[in-house]
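Colleague: Here's a structure for you.
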Amino acid sequence: MIGFRFPSPPPSPAAEALRAEVRAFLAEALATRSPAARAESWSGFDRDFSRAIGAKGWLGMTWPKRYGGHERSAFERYVVIEEMLAAGAPVAAHWIADRQSGPTLLKFGTEEQKATILPRIAAGELVFCIGMSEPDSGSDLAATRTRATPVDGGWRVTGTKLWTTGAHHADYMILFCRTSGTTSDRQAGTSQLLVDLHATEGVTIRPIIDLAGQHHFNEVHFENAFLPAAALIGAEGGGWDQVMSELAFERSGPERFLSSMQLLLELIAVLREAPGDAARLALGRLTAHLVVLRRLSRGVAALLEAGENPAVHAAIVKDLGATFEQDLPEIARALVDAEPDRASTSDFVAVLAHTMLNAPSFSLRGGTREILRGIIARGLGVR
Amino acid sequence: MSEIATMLTDAIERLLEARLDDSAMHAARTGTWPSDLWRALEEQGVPLALVPEDAGGFGVDPREALDLIRLFGRHAVPLPLGETMLANAALARAGLPLADGPAALVPIDGAARIAWGRNCRTFVVETATGIARITDATLEHEAIDLAGLPRDAMRFHAPERAAPIPGKLIEHGALVRALQCAGALDRVLELTVAHVAERVQFGRPLSKFQAIQQELAKLAGEVVAASAAADLAADAFIADPADATFAIAVARVRIGEAVGRANGIAHQLHGAIGFTAEHRLHLFTTSLWTWRDEFGGAAHWATRLGDRALAAGKEGFWPMVTAA
Ligand SMILES: Cc1cc2nc3c(=O)[nH]c(=O)nc-3n(C[C@H](O)[C@H](O)[C@H](O)COP(=O)(O)OP(=O)(O)OC[C@H]3O[C@@H](n4cnc5c(N)ncnc54)[C@H](O)[C@@H]3O)c2cc1C
């Protein structure tokens, strides 16, 4: 068999018990959150909410207790994050730190980094951003030009990061850049550095407004900014491998197929008023896709829990998931006549408008469709 | 896998590779029942693989027994093996005698197109009150499926006593076809990857072209989704055959779509050679197009799922999804 068989998610009674607790918490915490606000999905930002989640013990869930974690299983963590996304909770203030930056530090960071940073992430106190993309380095991440030059006691960084989500809120960035060699060395000579955005001089953050008028991403310019030697994460020159292992976490989670979830819920609410055959067929199809995506994604969680690096599996989930998320507004508009309007008093119409405007990003952020398909093809042995 | 299941799977895989060559496949497509192959698989105990030990089976883990049906799909075995396995499991549950020879699953209103009906010796026929074991049947009309394999209309006589079983027979049959599709789709991917690596145009193997790689990745995604969908249905059926409707419906809807896309890509990447009777590809693609619509087609299963979604409503929808 050359197809990639995903493992069956093992039954986890602990996770199901937790689910009830999370649902009850969210029902209360989000009681007044409007559908349009919920539709922001993992872009909704609220530091207080993230602190509350941290206090519940729902951040850094799988990390060791000595770093503020809770030593729970990947499946328990999965339940928490999927429930948050399905409910449209404002998770952005902890999302990147909990999903990606924390695990990177845990795996590659120094003892000092782990001891000082991880407990604060687990408490919901720290916002992280990811400094990978640049003006001339998008899909081709190895083309990074931002350079950290070794100097006495640390590094001097010069370069520009682009599309940095949440940089304007962030306390820290994990910066991917060149620390030795030249651009023609490609992956070799790249490293990851921990940037304290409050303490570092020479960093300028400029907003970039997206097509929906939202301010989520930014341009972050480093001008001869000094970082202490202790900022290095992992090995000098090991940046590429570290980033690749991070991406399996970034690509397979429920956020890769639940971005349009609020639209699906509002669609069900509208169609229930006057159900016809077209509605039943379309909802049947969407349900089937969603259930299968969720199973695949939980299969990747099982692989991650087993200590594997399921990069190809993760790419498959993200590619199929983005297609589903992007199909949703198209299917919704085929079923219900509505002129999308974000200010509409109809929840369905407002959520449709929001989802339609944001949908193009679903197959770009976190690795484009074409790049993912290239990874899958390599997994098939043809590249 | 347990030792007994590994031995069984290996033995069957070897047997299929040895006996199921293209000439056997083509003979079946002219209506010749592959009797030697049937006997050999019967000797391996395949018809009893899902029967519990205390009812005459030999203790194969049900998950592994269902994986055999995938294997039959992978080889597009032209025999009603999955049906016979599920028929015997149902008979055992109902406390009826096991099937004698090849068996058919006949859901309510399902007598019109029975795989190899003319060769089946036992018919498990659903009635309003349960299932009946019928051995006396007349062939009413011969027809073939898209692969050229027999699909016969049968008339039944002398219904014996009916006994209740958990779940509906249409679901049992749908599960068989879902598993077969997952297996055959895996083979379609394998054939396609091999073909584009071999076929040279413009001085390079097709697989070196990015456009081809992107299509292969899409094909792999559909195959993976179908496989997970079949696993979902199998897990639910094993857990409780009376409560597997939702999972089976999900599997059937998703796999039906996967078949359409995967077959389309596979044929496109094979070029004209894949459109010939001589090439092996159609042995799998034509059966896939058949299987996905047997025991309830796309509209049947999607409507059922859609009704559940509507009944759950905005509040109940997500809990319904996580319960699957
Ligand atoms: C909403 C949003 C948030 C983001 N947040 C962050 C963030 O927080 N941090 C961060 O570092 N980055 C972030 N990104 C950037 C994201 O990672 C990049 O957009 C992505 O990697 C693609 O790079 P690019 O936009 O430069 O497109 P390009 O690389 O220029 O690609 C343009 C098109 O060409 C295709 N293409 C490129 N190369 C190939 C090839 N070899 N073969 C075939 N096709 C190819 C691409 O698939 C795409 O369709 C974000 C992006 C979005 C949209």
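The values are calculated or read from the model by the stated rules, or taken from the named source; none is laboratory data. This is a predicted model, so every value here is computed, not measured. Cβ placement follows ideal geometry from the backbone for every residue including glycine, while neighbour counts extend to all protein chains displayed. Ligands, DNA and RNA are excluded from the accessible area calculation, which covers all protein heavy atoms including side chains. Shrake-Rupley method; radii C 1.70, N 1.55, O 1.52, S 1.80 Å.
Colleague: With respect to the numbered conditions (1) open to solvent by less than 40 Å² (accessible area, probe 1.4 Å); (2) within 16 Å of the ligand (Cβ to nearest atom); (3) touching a strand residue (DSSP E or B) at 6+ places or on another chain (Cβ under 9 Å), which one is the sole condition not fulfilled by A:Arg99?
Modeller: That leaves (3) as the condition not met.
Colleague: Would you point out which residue out of B:Arg133, B:Arg118, B:Arg161 is among the charged types (D, E, K, R), over 22 Å from B:Ala24 (Cα atoms) and surrounded by fewer than 19 Cβ atoms within 10 Å (Cβ to Cβ)? Talk me through it step by step, then tell me what you get.
Modeller: Numbers: B:Arg133 fails: surrounded by fewer than 19 Cβ atoms within 10 Å (Cβ to Cβ); B:Arg118 fails: over 22 Å from B:Ala24 (Cα atoms).
None of the others qualify; the one that does is B:Arg161.
Colleague: Checking A:Lys114 against (1) away from the ligand (no atom under 16 Å from the Cβ); (2) among the basic types (Lys, Arg); (3) without any contact (Cβ under 8 Å) to a residue 40 or more places away in the chain: exactly one of these is not met. Which one?
Modeller: Condition (3) is where A:Lys114 drops out.
Conditions tested, residue by residue: (1) in contact with an Asp or Glu (Cβ under 8 Å, 6 or more places away or on another chain); (2) closer than 20 Å to A:Phe249 by Cα; (3) in contact (Cβ under 8 Å) with a residue 60 or more places away in the chain; (4) not basic (Lys, Arg).
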position: A:Ala282; (1), (2), (3), (4): no, no, no, yes
position: A:Arg285; (1), (2), (3), (4): yes, no, no, no
position: A:Thr323; (1), (2), (3), (4): no, yes, no, yes
position: A:Pro329; (1), (2), (3), (4): no, no, yes, yes
position: A:Thr345; (1), (2), (3), (4): no, no, no, yes
position: A:Phe348; (1), (2), (3), (4): yes, no, yes, yes
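Colleague: Taking only pairs six or more apart or across chains, which ones have beta-carbon atoms under 9 Å, a first residue in the stretch A:148-174 that is over 16 Å from A:Leu193 (Cα atoms) and in the same structural domain as A:Pro135 (by TED's automatic domain parsing), and a second residue that is more than 16 Å from the ligand (Cβ to nearest atom) and not in a strand (DSSP E or B)?
Modeller: A:His169/A:Arg47
Colleague: Could you say which residue among A:Ala343, A:Ala322, A:Ala301 is open to solvent by 50 Å² or more (accessible area, probe 1.4 Å) and in the same structural domain as A:His354 (by TED's automatic domain parsing)?
Modeller: Values: A:Ala322 fails: open to solvent by 50 Å² or more (accessible area, probe 1.4 Å); A:Ala301 fails: open to solvent by 50 Å² or more (accessible area, probe 1.4 Å).
Among A:Ala343, A:Ala322, A:Ala301, only A:Ala343 is open to solvent by 50 Å² or more (accessible area, probe 1.4 Å) and in the same structural domain as A:His354 (by TED's automatic domain parsing).
Colleague: Inside the stretch B:43-61, can you point out the residues that are surrounded by 16 or more Cβ atoms within 10 Å (Cβ to Cβ) and either in contact with a strand residue (DSSP E or B) (Cβ under 6 Å, 6 or more places away or on another chain) or part of a helix (DSSP H, G or I) (or both)?
Modeller: Answer for the stretch B:43-61, where residues must be surrounded by 16 or more Cβ atoms within 10 Å (Cβ to Cβ) and either in contact with a strand residue (DSSP E or B) (Cβ under 6 Å, 6 or more places away or on another chain) or part of a helix (DSSP H, G or I) (or both): B:Val46, B:Pro47, B:Leu48.
Colleague: Looking at A:Gln214, A:Gln187, A:Gln262, A:Gln192 in this structure, which one is in contact (Cβ under 8 Å) with a residue 24 or more places away in the chain, away from chain B (no Cβ under 14 Å) and surrounded by 17 or more Cβ atoms within 10 Å (Cβ to Cβ)?
Modeller: None of the others qualify; the one that does is A:Gln192.
Colleague: Is it the case, given these coordinates, that B:Ala309 is open to solvent by 20 Å² or more (accessible area, probe 1.4 Å), within 14 Å of another protein chain (Cβ to nearest Cβ) and out of contact with any strand residue (DSSP E or B) (no Cβ under 6 Å at 6 or more places or on another chain)? First the steps, then the outcome.
Modeller: On the way: open to solvent by 20 Å² or more (accessible area, probe 1.4 Å): no; within 14 Å of another protein chain (Cβ to nearest Cβ): yes; out of contact with any strand residue (DSSP E or B) (no Cβ under 6 Å at 6 or more places or on another chain): yes.
So B:Ala309 fails the test.
Colleague: State all residues of the stretch B:61-76 that are among the charged types (D, E, K, R) and either more than 8 Å from B:Gly183 (Cβ to Cβ) or without any contact (Cβ under 8 Å) to a residue 40 or more places away in the chain (or both); if no residue qualifies, say none. It would help to see each step written out before you state the result.
Modeller: The first filter runs over the stretch B:61-76 and keeps only residues among the charged types (D, E, K, R), leaving B:61, B:63-64, B:67, B:70, B:74.
Correct list: B:Asp61, B:Arg63, B:Glu64, B:Asp67.
Colleague: Name the strands (runs of 3 or more DSSP E) wholly within the stretch A:121-200 that hold at least 1 residues that are more than 16 Å from the ligand (Cβ to nearest atom) and basic (Lys, Arg)?
Modeller: Numbers: elements: A:128-131, A:147-151, A:154-161, A:172-178, A:190-196.
Of the strands (runs of 3 or more DSSP E) lying wholly inside the stretch A:121-200, those with at least 1 residues that are more than 16 Å from the ligand (Cβ to nearest atom) and basic (Lys, Arg) span A:147-151, A:154-161.
Colleague: Hey, can you tell me all the residues within the stretch B:201-218 that are open to solvent by 50 Å² or more (accessible area, probe 1.4 Å) and away from the ligand (no atom under 16 Å from the Cβ)?
Modeller: Hits for the stretch B:201-218 are B:Gln201, B:Phe202, B:Gly203, B:Arg204.
Colleague: In the stretch B:207-235, what residues are at the interface with another protein chain (Cβ under 9 Å from one of its Cβ atoms), farther than 17 Å from A:Arg294 by Cα and out of contact with any Leu (no Cβ under 7 Å at 6 or more places or on another chain)?
Modeller: Listed by number, the residues that qualify are B:Ser207, B:Lys208, B:Gln210, B:Gln213, B:Gln214, B:Ala217, B:Lys218.
Colleague: Please determine whether any residue of the stretch B:152-166 is within 17 Å of the chain's Cα centre (by Cα) and among the basic types (Lys, Arg).
Modeller: Of the stretch B:152-166, the ones within 17 Å of the chain's Cα centre (by Cα) are none.
Taking every residue of the stretch B:152-166 in turn, none turns out to be within 17 Å of the chain's Cα centre (by Cα) and among the basic types (Lys, Arg).
Colleague: Okay, moving on. For the list (1) among the small types (Gly, Ala, Ser); (2) more than 11 Å from every other protein chain (Cβ to nearest Cβ); (3) crowded, with 18+ Cβ neighbours inside 10 Å, I need the number of the one condition that B:Gly183 fails.
Modeller: Here B:Gly183 meets the rest and fails (2).
Colleague: For a quick check of your reading: which helices (runs of 4 or more DSSP H) sit entirely within the stretch A:1-114 and have at least 3 residues that are farther than 20 Å from A:Ile130 by Cβ and within 14 Å of another protein chain (Cβ to nearest Cβ)? Break it down stepwise before answering.
Modeller: On the way: elements: A:13-29, A:35-38, A:47-55, A:74-87, A:92-96, A:102-108.
Because the criterion is at least 3 residues that are farther than 20 Å from A:Ile130 by Cβ and within 14 Å of another protein chain (Cβ to nearest Cβ), the helices (runs of 4 or more DSSP H) in the stretch A:1-114 that meet it are A:13-29, A:74-87.
Colleague: Checking the structure you have, find out if any residue of the stretch B:286-295 is open to solvent by 10 Å² or more (accessible area, probe 1.4 Å), within 14 Å of chain A (Cβ to nearest Cβ) and either among the aromatic types (Phe, Trp, Tyr) or within 16 Å of the ligand (Cβ to nearest atom) (or both).
Modeller: Among the residues of the stretch B:286-295, not one is open to solvent by 10 Å² or more (accessible area, probe 1.4 Å), within 14 Å of chain A (Cβ to nearest Cβ) and either among the aromatic types (Phe, Trp, Tyr) or within 16 Å of the ligand (Cβ to nearest atom) (or both), which makes the answer no.
Residues checked against (1) under 19 Å from the mean Cα position of the chain (by Cα); (2) of a type in the set (Phe, Trp, Tyr):
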position	(1), (2)
B:Phe284	yes, yes
B:Arg292	yes, no
B:Ala298	yes, no
B:Gly306	no, no
B:Ala311	no, no
B:Gly316	no, no
B:Pro319	no, no
B:Thr322	no, no
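Colleague: With the requirement that a residue be surrounded by 20 or more Cβ atoms within 10 Å (Cβ to Cβ), within 12 Å of A:Asp319 (Cα to Cα) and facing chain B (nearest Cβ under 9 Å), what does the stretch A:356-378 give you?
Modeller: Across the stretch A:356-378, the qualifying residues are A:Leu372, A:Arg373, A:Ile375, A:Ile376.
Colleague: Which members of the stretch B:62-76 meet the condition of being open to solvent by less than 10 Å² (accessible area, probe 1.4 Å) and part of a helix (DSSP H, G or I)? Step through it out loud before you land on a result.
Modeller: Of the residues in the stretch B:62-76, the ones open to solvent by less than 10 Å² (accessible area, probe 1.4 Å) are B:65-66, B:68-69, B:72-73, B:76.
If the condition is that a residue be open to solvent by less than 10 Å² (accessible area, probe 1.4 Å) and part of a helix (DSSP H, G or I), then B:Ala65, B:Leu66, B:Leu68, B:Ile69, B:Phe72, B:Gly73 are the ones that fit.
Colleague: Confirm whether B:Val259 is touching a Gly at 6+ places or on another chain (Cβ under 8 Å), closer than 18 Å to B:Phe72 by Cβ and open to solvent by less than 10 Å² (accessible area, probe 1.4 Å). Lay out the reasoning, then the answer.
Modeller: On the way: touching a Gly at 6+ places or on another chain (Cβ under 8 Å): no; closer than 18 Å to B:Phe72 by Cβ: yes; open to solvent by less than 10 Å² (accessible area, probe 1.4 Å): yes.
The answer is no for B:Val259.
Colleague: Could you list all residues from the stretch B:27-59 that are of a type in the set (A, V, I, L, M) and over 13 Å from B:Gly101 (Cβ atoms)?
Modeller: Step one: filter the stretch B:27-59 for residues of a type in the set (A, V, I, L, M), giving B:27-28, B:37, B:40-41, B:46, B:48-51, B:55.
Those that are of a type in the set (A, V, I, L, M) and over 13 Å from B:Gly101 (Cβ atoms): B:Ala27, B:Ala28, B:Leu37, B:Ala40, B:Ala49, B:Leu50, B:Val51, B:Ala55.
Colleague: Restrict the check to the stretch B:236-251 and report whether at least one residue is open to solvent by 40 Å² or more (accessible area, probe 1.4 Å) and facing chain A (nearest Cβ under 8 Å). Don't jump to the end; show me each part of the working.
Modeller: At the first step, the residues of the stretch B:236-251 found to be open to solvent by 40 Å² or more (accessible area, probe 1.4 Å) are B:238-240, B:242-243.
Going one step further and asking which of them are facing chain A (nearest Cβ under 8 Å), we end up with none.
Checking the stretch B:236-251: not a single residue is open to solvent by 40 Å² or more (accessible area, probe 1.4 Å) and facing chain A (nearest Cβ under 8 Å).
Colleague: Can you spot a residue in the stretch B:22-32 that is without any contact (Cβ under 8 Å) to a residue 60 or more places away in the chain and within 19 Å of the chain's Cα centre (by Cα)?
Modeller: Step one: filter the stretch B:22-32 for residues without any contact (Cβ under 8 Å) to a residue 60 or more places away in the chain, giving B:23-24, B:26-27, B:32.
If we keep only those that are within 19 Å of the chain's Cα centre (by Cα) too, we end up with none.
No, the stretch B:22-32 contains no residue that is without any contact (Cβ under 8 Å) to a residue 60 or more places away in the chain and within 19 Å of the chain's Cα centre (by Cα).
Colleague: Restricting to the stretch A:201-211, name every residue that is open to solvent by less than 50 Å² (accessible area, probe 1.4 Å) and part of a strand (DSSP E or B). Give the derivation first.
Modeller: Residues of the stretch A:201-211 open to solvent by less than 50 Å² (accessible area, probe 1.4 Å): A:202-203, A:208, A:210.
Once the filter is applied, which keeps residues that are open to solvent by less than 50 Å² (accessible area, probe 1.4 Å) and part of a strand (DSSP E or B), the stretch A:201-211 yields A:Val203, A:Ile208.
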